[in-house]
Amino acid sequence: MLSDPVLSAVPPAAPAVFVQALALSLGLIVAIGAQNAFVLRQGLRREHVGSVVALCAAADALLIAAGVLGMAQALGRSPLLARALALAGALFLAVYAWRAWQRARRPQRLAAAESVAGASRGAVLAQALAFTVLNPHVYLDTVLLVGSIGAQQPQALRGWFIAGASAGSVLWFTALGFGARWLAPWFARPRAWQLLDGLIALTMAVLALLLLRHGLMY
């Protein structure tokens, strides 16, 4: 039987790398914050939802790609730097897992952000862009952390890593914006966020262990 040329071109490890990047992206992006509250608010109002979702997801994808490709060049010139960033990333994820576990023990909720009623598409997108690019955690998460982890993948798998991490943003913002009317009551329940943070803590802990093993193999 002849093999499918498309399937045969996919590296065996590609699905695992895609899922790892997807889990990492979702773990970092699913949190109570101004950007998520703004997207939720636009979804509840059904106002320029598609544009807001597209902008937020596209911004994340560009930053992730820039981080992975830029870090790849830097790490390729210094294996020692690659090991240091791998170990630092493992430590960061371990701390993130601990913080998520601590959040899971404290009730909290996500409320829709306020903004001017009936705002134009341009004004809404300007707000969404501000919530995205003016948040220093965005660069820490996408460019530095996701970028350094993705850059340590073999060259043939970096595209899959970028795709997986970007897919996490697309899935989250799409669900948050277009599913707002169904998700808002769920997000308003502290217990739901406790369960979600518990899952994030577990995911980040597993990823931290995988990254630690990767760093020790250098």
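Residue count for segment 171-205 under the criterion of being without any contact (Cβ under 8 Å) to a residue 60 or more places away in the chain and either over 12 Å from residue 30 (Cβ atoms) or acidic (Asp, Glu) (or both): the result is 3. Of all residues in segment 146-170, those being of a type outside the set (A, V, I, L, M, F, W, C), in a helix (DSSP H, G or I) and in contact (Cβ under 8 Å) with a residue 40 or more places away in the chain number 9.
None of 59, 54, 88, 84 is assigned to a helix (DSSP H, G or I), under 14 Å from the mean Cα position of the chain (by Cα) and surrounded by fewer than 21 Cβ atoms within 10 Å (Cβ to Cβ) except 59. Whenever a residue of segment 66-80 is closer than 17 Å to residue 161 by Cα, its partners that are at pLDDT 75 or above and of a type in the set (Ser, Thr, Tyr), lying with C-beta atoms within less than 7 angstrom and at least six residues away or across chains, give the pairs 67/142; 71/148. Looking only at residues in segment 92-101 that are among the aliphatic types (A, V, I, L, M) and more than 27 Å from residue 130 (Cβ to Cβ), the one that is modelled with the lowest pLDDT is 93. Residues in segment 171-218 that are of a type in the set (D, E, K, R) and part of a helix (DSSP H, G or I) were compared, and the one that is nearest to the chain's Cα centre (by Cα) is 197. The residue that is surrounded by the fewest Cβ atoms within 10 Å (Cβ to Cβ), counting only those in segment 32-51 that are outside any helix (DSSP H, G or I) and out of contact with any His (no Cβ under 9 Å at 6 or more places or on another chain), is 46. Give 126, 167, 104 a once-over and let me know the one that is crowded, with 16+ Cβ neighbours inside 10 Å, at pLDDT 85 or above and on the phi < 0 side of the Ramachandran plot. On inspection, the qualifying residue turns out to be 167. With respect to being surrounded by fewer than 14 Cβ atoms within 10 Å (Cβ to Cβ) and either of a type in the set (Ser, Thr, Tyr) or at pLDDT 90 or above (or both), residue 3 fits the description.
The values are calculated or read from the model by the stated rules, or taken from the named source; none is laboratory data. Source: prediction; values computed, not measured. Here Cβ is always computed from backbone atoms with ideal geometry, including for glycine, and neighbour counts include all displayed protein chains.
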